[in-house]
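So the structure is just underneath, and the comments pick up after that.
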Amino acid sequence: MSSLKKLWRSIGPGFITGASDDDPSGIATYAIAGARFGLSILWTVLFSLPFMIAIQEMSGRIGIASGKGIIGNMKRHYPRIILVVITLFLAVTNIINIGADLSGMSAAFHLVVPSFPQPVFGLLISLALIILLVFFSYRKIASLLKWFALVLVSYIISAFLVDQDWSQVIFHTIVPHFEFSKHYLEIIVAIFGTTISPYLFFWQASEEVEEQKTLYNRLPSTHIRQRDIRSMNHDTEAGMFFSNLVMYFIIALSSATLFANGKADVNTIEQIASVLRPLAGPYSTQLFLIGILASGLLAIPVLAGSAAYAIAELFGWKEGMNKRLGQAPQFYLVIALSTIAGLILPLIGINPVEALLYTAVLLGILSPLLIALIIHMANKKSIMGSFTNSTASNIMGLALLVFMIGSVTALLIL
């Protein structure tokens, strides 16, 4: 029992970052991918994992080595125009992502309680999140986020309750399949956009700074220990592995329940919820609601928080979830406004499934810019000191960048 408690306490920003990657947009994207292309899309899970680990490890190392987040470092070492463009990019895409997630959560709640208006639920969940983020300490929030992550295990359990040809599952996990069609490339870009999301880079860098301040009462950049880097690496590896494990079984589950029954066109939240029927039977919509609420409650604080860190660093405001409202009012104002602005999508009645999928596609199209930035920063001695990228990290980062640019270019041409 003491070992489990020690393991639980050791879970840090890397694991929370990975778990928050399976947000409502991610869940919808993986379910749609499995429904449209079956097991043939499973190779993306194994393929993307080392790239996720590499880019998130770079982001975390930037925070630890410099004692500042991504924007804080850009403010010191890059032209202001790039700084402003990146901050604006992050704020806008995060708000769109928040809106898509709120739209999916509202639609899921409407499945269970049809008489309850979807926009009202979106408003209520937004207010609850604002209260959580503004009035609770970082330690309590981090602990709560870890519990939310466990709800995602329901997708893993469900995948073992349906008939699967596991030899085919393994085959398609290892052997890549590629189609030069618009729908296939759209799903590829969406999968990479929602798994290697720009907001995760900013969040992890800033939260590594927070973690060091909270645990050690010091800036990470002072007296950096190699074990701090190793601990961050292990935490990040665990988080990314958990994220992709959930992704893997959602695709396999969707393939067995939707694709196998000829339901390739997923247009409603109810269809996505039906993949949990093998586990929950008539209560599948209720279980889906719990799962999508948990994933949204896990992801939206990360989305709003990463935008707040970026804007606060841009303007030199005090920031940090370890600070009280009175100590960093502008920081918490940005969190509140980002969450409220995200309400636009559920309020104007955009199809929640389309919102969730196309948000992932948008992130995939725009993410190469941020990936290039992270690689450049992680090689800059004025930021990293002696903790610059290894040759292996640079190879992984550049390979990811080439793949993303190639996939996005092919999608835009077709």
Exercise for review: Report whether or not D163 is part of a helix (DSSP H, G or I), of a type in the set (D, E) and touching a residue at least 40 places away in the same chain (Cβ under 8 Å).
Suggested key: no
Exercise for review: State which residue is modelled with the lowest pLDDT when the search covers only region 1-43 and only residues that are buried (at least 24 other Cβ atoms within 10 Å of the Cβ) and among the hydroxyl-bearing types (S, T, Y).
Suggested key: T17
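Quick one: would you say A399 is in contact with a helix residue (DSSP H, G or I) (Cβ under 8 Å, 6 or more places away or on another chain) and surrounded by fewer than 19 Cβ atoms within 10 Å (Cβ to Cβ)?
Considered against the rule, which asks whether it is in contact with a helix residue (DSSP H, G or I) (Cβ under 8 Å, 6 or more places away or on another chain) and surrounded by fewer than 19 Cβ atoms within 10 Å (Cβ to Cβ), A399 comes out as yes.
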Check your understanding: For region 48-73, how many residues are of a type in the set (G, A, S) and touching an Asp or Glu at 6+ places or on another chain (Cβ under 9 Å)?
Key -> 5
Exercise for review: For region 209-223, state whether one or more residues are assigned to a helix (DSSP H, G or I), modelled with pLDDT of 85 or more and within 20 Å of A299 (Cα to Cα).
Suggested key: no
Revision key, fill the gap. The lone condition I350 fails out of (1) within 30 Å of D265 (Cβ to Cβ); (2) buried (at least 24 other Cβ atoms within 10 Å of the Cβ); (3) of a type in the set (A, V, I, L, M) is (2)
Check your understanding: Do the conditions hold for L88, that is, is it modelled with pLDDT under 90 and under 29 Å from A294 (Cα atoms)?
Key -> no
Revision key, fill the gap. Reported set for region 171-206 where residues are of a type in the set (V, I, T), assigned to a helix (DSSP H, G or I) and over 10 Å from the mean Cα position of the chain (by Cα) is T173, I174, I187, I188, V189, I191
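Can you confirm whether region 361-380 contains a residue that is among the aliphatic types (A, V, I, L, M), over 18 Å from L90 (Cα atoms) and surrounded by 20 or more Cβ atoms within 10 Å (Cβ to Cβ)?
At the first step, the residues of region 361-380 found to be among the aliphatic types (A, V, I, L, M) are 361-363, 365-366, 369-375, 377-378.
Within this subset, residues satisfying the condition of being over 18 Å from L90 (Cα atoms) are 378.
Next, from what is left, pick out any that are surrounded by 20 or more Cβ atoms within 10 Å (Cβ to Cβ): 378.
So far as region 361-380 goes, yes, one or more of its residues are among the aliphatic types (A, V, I, L, M), over 18 Å from L90 (Cα atoms) and surrounded by 20 or more Cβ atoms within 10 Å (Cβ to Cβ).
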Review point. Among all residue pairs at least 6 apart or on different chains, which show Cβ distances below 6 Å where the first residue, located in region 229-241, is on the phi > 0 side of the Ramachandran plot and the second is in a helix (DSSP H, G or I)?
Key: none
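Restricting attention to helices (runs of 4 or more DSSP H) lying wholly within region 15-117, give those where 2 or more residues are free of Cβ contacts under 8 Å to residues at least 12 places away in the same chain and not polar (S, T, N, Q).
Details: elements: 24-37, 43-66, 70-77, 80-112.
Helices (runs of 4 or more DSSP H) meeting the threshold: 80-112.
Every residue, every condition in (1) of a type in the set (A, V, I, L, M, F, W, C); (2) in contact with a Cys (Cβ under 9 Å, 6 or more places away or on another chain); (3) free of Cβ contacts under 8 Å to residues at least 12 places away in the same chain, yes or no:
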{"site": "L314", "(1), (2), (3)": "yes, no, no"}
{"site": "P329", "(1), (2), (3)": "no, no, yes"}
{"site": "I340", "(1), (2), (3)": "yes, no, no"}
{"site": "G349", "(1), (2), (3)": "no, no, yes"}
{"site": "S390", "(1), (2), (3)": "no, no, yes"}
{"site": "I395", "(1), (2), (3)": "yes, no, yes"}
{"site": "L414", "(1), (2), (3)": "yes, no, no"}
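Each row is one residue, and each column tells you yes or no for (1) over 14 Å from W203 (Cα atoms); (2) surrounded by fewer than 24 Cβ atoms within 10 Å (Cβ to Cβ); (3) in contact with a strand residue (DSSP E or B) (Cβ under 8 Å, 6 or more places away or on another chain).
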{"site": "A54", "(1), (2), (3)": "yes, no, no"}
{"site": "I62", "(1), (2), (3)": "no, no, no"}
{"site": "M74", "(1), (2), (3)": "yes, yes, no"}
{"site": "A91", "(1), (2), (3)": "no, yes, no"}
{"site": "N97", "(1), (2), (3)": "yes, no, no"}
{"site": "S103", "(1), (2), (3)": "yes, no, no"}
{"site": "A108", "(1), (2), (3)": "yes, no, no"}
Revision key, fill the gap. Given (1) modelled with pLDDT of 90 or more; (2) under 30 Å from I292 (Cα atoms); (3) more than 21 Å from the chain's Cα centre (by Cα), S407 misses just (3)
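The values are calculated or read from the model by the stated rules, or taken from the named source; none is laboratory data. Because the structure is predicted, anything quoted here is derived from the model rather than measured. When we count neighbours, we look across all protein chains shown, and the Cβ atoms used for this are built from the backbone with ideal geometry, even at glycine.
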